[in-house]
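Peer 1: If you scroll down you'll find the structure; I have some questions about it.
Read the figures in this text as sums done on the coordinates, not as results from a lab. Fair warning: this is a prediction, and the values are worked out from it, not measured in the lab. Positions of Cβ are backbone-derived with ideal geometry, glycine not excepted, and every protein chain shown enters the neighbour counts.
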Amino acid sequence: MRNSTLIAASLPAGLVAVAALPARATANTCRPPRVMVVLDKSSSMQTGTINGVTKWNIAKNALGQVLTEVQGSAEVGLMTFPKPNQCGAGGLDVAPALNTRTAIMDALATPPPTSGFYTPMAQTLEVAATEPTLVGASAPRYLVVITDGWQWCSPYDPATRYDGVDAIGSLNAAGVTTYVVGFGAAVDASALNLMAVEAGTARPGCNPSNTQPSDPNHCYFQADNAAALVAVLEQIADVVTEEICDGLDNDCDGLVDEGLVRDCASACGAGQETCTAGSWGGCDAPAVETEICDGLDNNCDGTTDPGCECTVGETRPCGETSDVGACNPGVQTCGADGTWGSCQGSVGPVPEMCDGLDNDCDGETDEDEGILLRGPAPLMCQPGEVCLGGQCQPEDPIVPPTDEETGLDAGQPGGCGCATDGGAGGLASGLLALGVMLGVLRRRRRA
């Protein structure tokens, strides 16, 4: 009951809101646990003292304190041993029911005698395993045995030392969960450790081989003074009255499945889940997802993007590497399957054209502009055109020399000098005409 409150108080704000609004119980959903306290009433409980107080009074007061807290949330009964005297197996003093504190305190009003009452613990546990008021319950059933000594009947028989372990087996078979409490420095730690292990209530990390009450890490609950006994009984009470996720009001506080939150986990991390109407909700731990090529470990197996060439949407340059002139690198994009797509947009060098662009990507535009290219190289313009300003334009006409137009040799009207001077005059005229043409072209280029 207190444990559930502590759990709710430690939750994140969003989960506290869920835990703080449990369903209200109806009359037929209250199912409190049934608990039988089996208390050692041997003479040593009266003759032994701790800080000047008899162990009997310490035990009685501790029970009274804890019963005040849990009597409304658990059906508590009482058995003491021996009964009626010496080494008789203990019997029922108070039948388990809600609100039995007064009846139990009345049953404990008379202390044990100072001698003659021994410790038939195992025999009493065997009786409890068949006690109808305990084993006949449909609710969860628990037994808390509190002893300050050894399994002992006079005369002592060493062969009976571990009979309590077999008795715990009988309680297990009857569906009863047993908690073992050793009170004081004279208990048989070896036997109590084995009994707790047999009951399945051994404390985490305990050492079942312990033999002395002063040893650390017992499997049973060791209490050496009044405060320790109260703490042990409250710890057990928290467990047996704890609300469980079953749609019932286990602690009979009028609420169902209140404050029930537990840790959970997936391969990708830790989370929590909350009980609602008797069922645990989904765990809010990060979900394990199908691995995709996104640079993440989606299924949390420690590897990222196995088998992927790239991350979806990633790009890289491809094809042409130069960005001079009209040249431009291409781009590849990573597809949904984690592989590189085809190269898009790559532009490489081509023969120079008269278009104002650096087509061959050599850093020059329309190189040899203004010159009519001839020979094996492709022409930027058609014959009779020249490339100027990124466009092919007609070239200016060339006027032939005057003497070539008339065909007259010097000093001979209508004649050709080449016919009368053995070819010397014709050669001179040809060289003159070539010189004139070259001069014209030089002037155009400079223009």
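Peer 1: Would you mind working out the magnitude of the charge dipole of the range 236-332 relative to its Cα centre, with +1 at each Lys and Arg C-beta and -1 at each Asp and Glu C-beta, to the nearest 20 Debye? Don't skip to the answer; put the middle values down first.
Peer 2: Numbers: 2 positive and 22 negative charges, 127 e Å.
The dipole magnitude comes to about 600 debye.
Peer 1: For the range 84-178, report the % of Cα-Cα distances exceeding 15 Å.
Peer 2: Details: 2928 of 4465 pairs.
Within the range 84-178, distances greater than 15 Å cover 66 percent of Cα pairs.
Peer 1: Report, by chain and number, residues whose modeled amide H sits under 5 Å from the one on I50, excluding near sequence neighbours (fewer than 5 apart, same chain).
Peer 2: K55
Peer 1: Hey, how much of the P(r) for the range 124-182 falls beyond 13 Å, as a percent of Cα pairs?
Peer 2: Details: 1069 of 1711 pairs.
Counting every Cα pair in the range 124-182, those more than 13 Å apart make up 62 percent.
Peer 1: Hey, got the dipole for the range 33-240? About the Cα centre, +1 on K and R Cβ, -1 on D and E Cβ, debye to the nearest 20? Don't skip to the answer; put the middle values down first.
Peer 2: Details: 9 positive and 17 negative charges, 48 e Å.
The calculated dipole for the range 33-240 is roughly 220 debye.
Peer 1: A further question follows. Residue-wise, which Karplus ³J(HN,Hα) couplings in Hz belong to the range 310-326, taking 6.51 cos²θ - 1.76 cosθ + 1.60, θ = phi - 60°, and x for glycine or proline?
Peer 2: Computed from phi, the couplings for the range 310-326 are 7, 8, 3, x, 5, 10, 8, x, 8, x, 4, 9, 8, 10, 7, x, 7 Hz.
Peer 1: Largest first and in whole Å, what are the equivalent-ellipsoid semi-axes of the range 192-292 based on the Cα gyration tensor, each being the root of 5 times an eigenvalue?
Peer 2: Details: eigenvalues 248, 96, 23 Å².
Values for the range 192-292, descending: 35, 22, 11 Å.
Peer 1: Test of understanding: ordering F221, F183 by Cβ neighbours within 10 Å, fewest first, what list do you get? Working shown, then result.
Peer 2: Working: F221 23, F183 28.
Fewest to most other Cβ atoms nearby, the residues stand as F221, F183.
Peer 1: Using Cβ contacts closer than 10 Å as the measure, can you line up C268, C361 from fewest to most? Please report the intermediate quantities before stating the final value.
Peer 2: Values: C268 16, C361 20.
Arranged by neighbour count, lowest to highest, C268, C361 become C268, C361.
Peer 1: Then there's this: Amide H of V144 versus every other amide H placed in the peptide plane: which residues, excluding those fewer than 5 positions away on the same chain, fall under 5 Å?
Peer 2: Amide H neighbours of V144, under 5 Å, 5+ apart: M36, V37, V38, Y179.
Peer 1: Sort the following peptides by mean Cβ neighbour count (other Cβ atoms within 10 Å, averaged over residues), highest first: 224-231, 205-212, 57-64. Numbers along the way, then the final one.
Peer 2: Details: 224-231: 16.5, 205-212: 12.8, 57-64: 20.0.
Result, highest mean first: 57-64, 224-231, 205-212.
Peer 1: Lys/Arg Cβ at +1, Asp/Glu Cβ at -1, dipole of the range 33-240 taken about the Cα centre: which of F221, L78, S190 is farthest positive-ward?
Peer 2: Final value for the positive-end residue is L78.
Peer 1: Treat the count of other C-beta atoms within 10 Å as a stand-in for reagent exposure and order C252, C318 from fewest to most. Don't skip to the answer; put the middle values down first.
Peer 2: Working: C252 21, C318 18.
Ascending number of Cβ neighbours within 10 Å: C318, C252.
Peer 1: Can I ask one more? Please list, short to long, the whole-number percent of alpha-carbon pairs of the range 120-257 in consecutive 5 angstrom bins beginning at zero.
Peer 2: 2, 10, 18, 20, 20, 14, 9, 4, 2, 1, 0
Peer 1: Scattering from the C-alpha atoms of the range 33-240 alone, worked out with Debye: what is log10 I(q)/I(0) at q = 0.09, 0.10, 0.17 1/Å?
Peer 2: Each listed q corresponds, in turn, to -0.29, -0.36, -1.17.
Peer 1: Just want the answer: with Cβ charges of +1 for Lys and Arg and -1 for Asp and Glu, which residue in W150, N51, A174 is farthest toward the dipole's positive end in the range 33-240?
Peer 2: N51
Peer 1: Putting +1 on Lys and Arg Cβ atoms and -1 on Asp and Glu Cβ atoms, find which of V37, L98, P204 reaches farthest to the positive end of the dipole of the range 33-240.
Peer 2: After comparing all options, I get L98.
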